[in-house]
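Asker: One structure, pasted below without further comment.
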Amino acid sequence: MPSEVSVKRVGFVGAGRMATALARGLLSSGFTTVEAVIASDVIPEALNQFVAETGGRVRSEEHTSELQSH
C-alpha cells in the first residue's frame, strides 16, 4: 500500500454559489488542494466570484481556454 497521500481532483459544472460553497468546504477540510479544483460556467461573474472565494481554476464555456486565478 503506498504511503503517499493522493490529491483528489474536483470539478464543477457551474461555478455559482453552491459550487463555491462546496469547493470552500472541500478545501478547508483538506479533502483537496486549490490546484486540484476547477469549475466551468457560461457566466463570467460566476467564474470571477468562484476564483475570488476559492482560488481555484476556472474554464469559460464560451472560450475554451483555461483561465488561471491571480
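Asker: Any chance you could count how many residues in the stretch 26-47 are without any contact (Cβ under 8 Å) to a residue 24 or more places away in the chain, more than 11 Å from the chain's Cα centre (by Cα) and not in a loop (DSSP other than H, G, I, E, B)?
Answerer: 3
Asker: Inside the stretch 55-70, can you point out the residues that are out of contact with any strand residue (DSSP E or B) (no Cβ under 6 Å at 6 or more places or on another chain) and modelled with pLDDT of 60 or more?
Answerer: Listed by number, the residues that qualify are GLY55, SER60, GLU62.
Asker: Still on this structure: Which count do you get for residues in the stretch 43-57 that are open to solvent by 70 Å² or more (accessible area, probe 1.4 Å) and charged (D, E, K, R)?
Answerer: Residues that pass the stated criteria total 2.
The values are calculated or read from the model by the stated rules, or taken from the named source; none is laboratory data. What you are looking at is a predicted structure, and each value in this text was computed from that prediction instead of being measured. Virtual Cβ from ideal backbone geometry, glycine too; neighbours counted across all protein chains shown. Heads up: the accessible areas ignore ligands, DNA and RNA and are worked out on the full protein's heavy atoms, side chains in. Shrake-Rupley method; radii C 1.70, N 1.55, O 1.52, S 1.80 Å.
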